[in-house]
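First the structure, in the form of structure tokens, and then the observations on it.
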Amino acid sequence: MAGSDQAPHDIENPCIPLVTSMSEELDGLSPLSSLCCIYRVPERLRRVSEKAYTPQVVSIGPLHHGKEGLKAMEDHKKRYLQDYIRRTRVSLADYVQKVKAQEAKLRSCYAETIQDVWPDMRLLENQLPFFILEELFDPEKIKVSSNNKNIERLSILNLCHNFFKTLMHIEGTDGNMEKLCASKVEHFVDFCRNLYLPLPLKPHAKGPLETLNTPSITELHRAGVKFKVGSPKNLFGIRFANGILEIPKLAISDETELTIRNLLAFEQCHCMENYINDYVVIMDRFVNTAKDVELLVKHGIVENRLGDSSGGSTLINNLADGVIVDSNDFYFAILCEDLNEYCRTSWHKWQANLRQNYCNTPWATISIAAAICLLILTFIQAVCSVISALPSKR
């Protein structure tokens, strides 16, 4: 009798076993920490360039610690620690105690002077949370022997800014530094991204993208667009006005790829805004061939450290692999619209064709001017001849 009562119950509630199983799985999940800011790079990005995300010399943080190819730097790291303790006059026990007190918080941040060290410090998977660096570098407790009168102003933010400015040539604006000092910085990659970001952010510059087709640099040149080097302090300062396209200077090298790829990966994992993503997309639209790179180099906008123009165009195009274009909220939407509108005007193309093909040298310009004057004089002479041939009125 009891068995007959149980059967209808199971038939009426077929989802009970599934609910029970899922509840057990959900209860076993550990909560995702709100402090999480250091991620393993998504596989779709890593497949494009494994080397761009993997430390080659030194491991910073736990994700790559102990790897065979990085062990050579371990003794150097210990020597740096020993030298740092000696100079700051803070005991090793004090530092260990500080790190130990923050161990749980440090672990929750991770989700799944040798020159070669600098590139590794820009890798997303090779980061330490910034708060522990600020905790360890406390100017009030550290006494550094120096004749510098401004030694009390030292901070980890200023040191990072000096590092990026001196070794990576990323300066940023004064407004960027003020913003960084007033906000929370997650790690070096986040610091670097904030130095790049446009300030003030201009919401009116963003908008829906009507078409993904944007003229390349070569097409813009044929349409008569002139090019100008923008300020290196603002990567996003790409402006178009009065037929002049202003683009901030960009150095193309292997380090450029490494930096932008890791900024892009962090932005896709952690950030709501897609500024680096949109910059990569617009540069990919501008550069299609080696000729585009050559024109940018000619106008001082690109410094091609690869030497080969085709290699430069390939690097820029490859950066856009795996990115997603949000056509409803694109930072350079208005810029693209203005450039397309300019290129659609036939007069601009005719004017550019005349200037580039017929008036491209002083002698060619003089010859054209002389030909026009001769044509005008011939026309006047013909008119005078016709008038003189007409019978005069009596």
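The values are calculated or read from the model by the stated rules, or taken from the named source; none is laboratory data. Please read all numbers here as calculations on a predicted model, not as lab measurements. Cβ coordinates were reconstructed from backbone atoms using ideal geometry, including for glycine residues, and neighbour counts include every protein chain displayed.
Is there a residue being in a helix (DSSP H, G or I), more than 23 Å from residue 183 (Cβ to Cβ), in contact with an Asp or Glu (Cβ under 8 Å, 6 or more places away or on another chain) and not assigned by TED's automatic domain parsing to the domain that holds residue 264 anywhere in region 114-123?
Within region 114-123, one or more residues are in a helix (DSSP H, G or I), more than 23 Å from residue 183 (Cβ to Cβ), in contact with an Asp or Glu (Cβ under 8 Å, 6 or more places away or on another chain) and not assigned by TED's automatic domain parsing to the domain that holds residue 264.
Residues that are closer than 22 Å to residue 137 by Cβ, assigned to a loop (DSSP other than H, G, I, E, B) and either modelled with pLDDT of 90 or more or not acidic (Asp, Glu) (or both): does region 82-89 have at least one?
Taking every residue of region 82-89 in turn, at least one turns out to be closer than 22 Å to residue 137 by Cβ, assigned to a loop (DSSP other than H, G, I, E, B) and either modelled with pLDDT of 90 or more or not acidic (Asp, Glu) (or both).
Just the residues that are surrounded by fewer than 16 Cβ atoms within 10 Å (Cβ to Cβ) and of a type in the set (Val, Ile, Thr), please, taken from region 238-252.
Result: 244, single match.
Would you pick out the residues in region 224-264 that are within 16 Å of residue 301 (Cβ to Cβ) and of a type in the set (S, T, N, Q)?
Those that are within 16 Å of residue 301 (Cβ to Cβ) and of a type in the set (S, T, N, Q): 231, 234, 253, 256.
Out of 327, 388, 367, report the one residue that is more than 35 Å from the chain's Cα centre (by Cα), surrounded by 11 or more Cβ atoms within 10 Å (Cβ to Cβ), at pLDDT 65 or above and of a type outside the set (A, V, I, L, M, F, W, C).
Going through 327, 388, 367 in turn, the sole match is 367.
I'd like the full set of residues that are at pLDDT below 65 and either more than 27 Å from residue 230 (Cα to Cα) or crowded, with 19+ Cβ neighbours inside 10 Å (or both), limited to region 144-169.
Within region 144-169, 144, 145, 146, 147, 148, 149, 150, 151, 152, 153, 154 qualify.
Among the residues that make up region 16-34, is at least one of them surrounded by 13 or more Cβ atoms within 10 Å (Cβ to Cβ), under 30 Å from residue 256 (Cα atoms) and not assigned by TED's automatic domain parsing to the domain that holds residue 253?
Scanning region 16-34 turns up no residue that is surrounded by 13 or more Cβ atoms within 10 Å (Cβ to Cβ), under 30 Å from residue 256 (Cα atoms) and not assigned by TED's automatic domain parsing to the domain that holds residue 253.
Do we find that residue 232 is at pLDDT below 85, in contact with a strand residue (DSSP E or B) (Cβ under 6 Å, 6 or more places away or on another chain) and part of a loop (DSSP other than H, G, I, E, B) in this structure?
yes
Of the residues that make up region 250-265, is at least one outside the structural domain of residue 48 (by TED's automatic domain parsing) and touching a Gly at 6+ places or on another chain (Cβ under 6 Å)?
Yes.
Please verify whether residue 317 is surrounded by fewer than 20 Cβ atoms within 10 Å (Cβ to Cβ), in the same structural domain as residue 210 (by TED's automatic domain parsing) and under 14 Å from the mean Cα position of the chain (by Cα), treating the condition exactly as stated.
Here the answer is yes, as residue 317 does meet what is asked.
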